[in-house]
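Comments concern the structure below.
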């Protein structure tokens, strides 16, 4: 219970400072005390005044309501190119395959990658790069009325790892369909797709 | 009404729904996750935010009711729908109506996710142009700036990508 109390105190203090604490990470750290921590947080959020949003938060919400990915809006606000972000991300995550990392990042930023299985190390690195809780910003693609695509990601089964080289679709024999078996996941795949 | 409630009322009156929803986003997301789990909570939170947005777009206003109360009620209703798996029968206040989510979105989402999967299989220069324009919604000029090239070059990449996507789609069919 001491851990739950400590985690709740940390959550509440970060919330009051306007930091948008990562509740999922807090609940994961709570282990068996997750339900108790969730009850405390729910009760706290029912009565705690909402902190004034930062300009970044407003810009991200404005983008999301308009159907634009929030992380894309944030990156544009920071005037950073994809390659710059990916280069920094590669350094923080100690990844060598920049091309494949770039594609994963672009899918995450564009809302076409389920954020659920993405490793906490990626979120930590993105928090360092954007100085905000990126986990609370990234959402799958939505319609103009905001319906979530999550269910469709889940319905489609686990995503396939990205090929290390782009398949030459047009050079494939017409009588021989491309192989459907997913290649084995490496460390980079696992960072963005999880272990399943 | 507190001073904070009065500020919210002014924001709503002045049409700053994005600022209001940004303010309540941590509350909405936090409560929805706390009451469910991370995955479901994110879905429900998004539903709450777009429900509030649709109500605003439809001209709904809440005279005399602090906006925070509206937010917590919509969280409660949306969670009830989530747990029951059907539209809630909790009555809305007078003048309110349930948002019309429609069903057309399902096809649109499946299409977008399918296209995103096909785009992944394009050669890198075409894939990047398609991702920026067709998936992230940039204009060709914005994509050109992002890719350090000319808008004309982006148009050409998109043209070739479309040809290739058509062949891939025909192949799937």
> Would you say residue A:40 is more than 12 Å from chain B (Cβ to nearest Cβ), surrounded by fewer than 21 Cβ atoms within 10 Å (Cβ to Cβ), more than 16 Å from the chain's Cα centre (by Cα) and without any contact (Cβ under 8 Å) to a residue 40 or more places away in the chain?
Replying inline: no
> Does residue B:31 satisfy being closer than 19 Å to residue A:20 by Cα, surrounded by fewer than 22 Cβ atoms within 10 Å (Cβ to Cβ) and within 8 Å of another protein chain (Cβ to nearest Cβ)?
Replying inline: no
> Which residues, counting only those in segment A:67-81, are in contact (Cβ under 8 Å) with a residue 60 or more places away in the chain and within 13 Å of residue A:129 (Cβ to Cβ)?
Replying inline: A:71, A:74
> Which one of these does residue A:35 not meet: (1) surrounded by fewer than 18 Cβ atoms within 10 Å (Cβ to Cβ); (2) within 20 Å of residue B:50 (Cα to Cα); (3) not assigned by TED's automatic domain parsing to the domain that holds residue A:123?
Replying inline: (2)
> Pick from segment A:82-105 the residues that are over 17 Å from the mean Cα position of the chain (by Cα) and in a helix (DSSP H, G or I): which of them is farthest from the other protein chains (Cβ to nearest Cβ)?
Replying inline: A:91
>> All but one of (1) in contact with a helix residue (DSSP H, G or I) (Cβ under 6 Å, 6 or more places away or on another chain); (2) assigned to a helix (DSSP H, G or I); (3) modelled with pLDDT under 95; (4) within 19 Å of residue A:22 (Cβ to Cβ) hold for residue A:108; state the number of the condition that does not hold.
In response: (1)
> Exactly one of (1) in contact (Cβ under 8 Å) with a residue 60 or more places away in the chain; (2) buried (at least 18 other Cβ atoms within 10 Å of the Cβ); (3) out of contact with any strand residue (DSSP E or B) (no Cβ under 8 Å at 6 or more places or on another chain) is unmet by residue A:97. Its number?
Replying inline: (2)
> Since residue A:114 meets every condition but one in (1) in contact (Cβ under 8 Å) with a residue 40 or more places away in the chain; (2) surrounded by fewer than 21 Cβ atoms within 10 Å (Cβ to Cβ), which condition does it not meet?
Replying inline: (2)
> How do the pairs read when you match residues in segment B:104-131 that are over 16 Å from residue B:167 (Cα atoms) with residues anywhere that are modelled with pLDDT of 85 or more and surrounded by fewer than 17 Cβ atoms within 10 Å (Cβ to Cβ), using Cβ under 8 Å and keeping only pairs 6 or more apart or on different chains?
Replying inline: B:124/A:99
> Any idea which of B:31, B:54, B:19, B:7 is in a helix (DSSP H, G or I) and closer than 23 Å to residue A:116 by Cβ?
Replying inline: B:31
>> Looking at segment A:111-124 only, could you name the residues that are within 20 Å of residue B:116 (Cα to Cα) and either part of a helix (DSSP H, G or I) or outside the structural domain of residue A:190 (by TED's automatic domain parsing) (or both)?
In response: none
>> Of everything in segment A:62-81, what is in a helix (DSSP H, G or I), within 7 Å of chain B (Cβ to nearest Cβ) and within 16 Å of the chain's Cα centre (by Cα)? Give them in sequence order.
In response: A:72
> If you check residue A:29 against the conditions, is it touching a residue at least 60 places away in the same chain (Cβ under 8 Å), in a helix (DSSP H, G or I) and away from every other protein chain (no Cβ under 11 Å)?
Replying inline: no
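The values are calculated or read from the model by the stated rules, or taken from the named source; none is laboratory data. Here the structure is a predicted model, which means the values were calculated and not measured. Cβ: placed from backbone, ideal geometry, glycine included. Neighbour counts: every protein chain shown.
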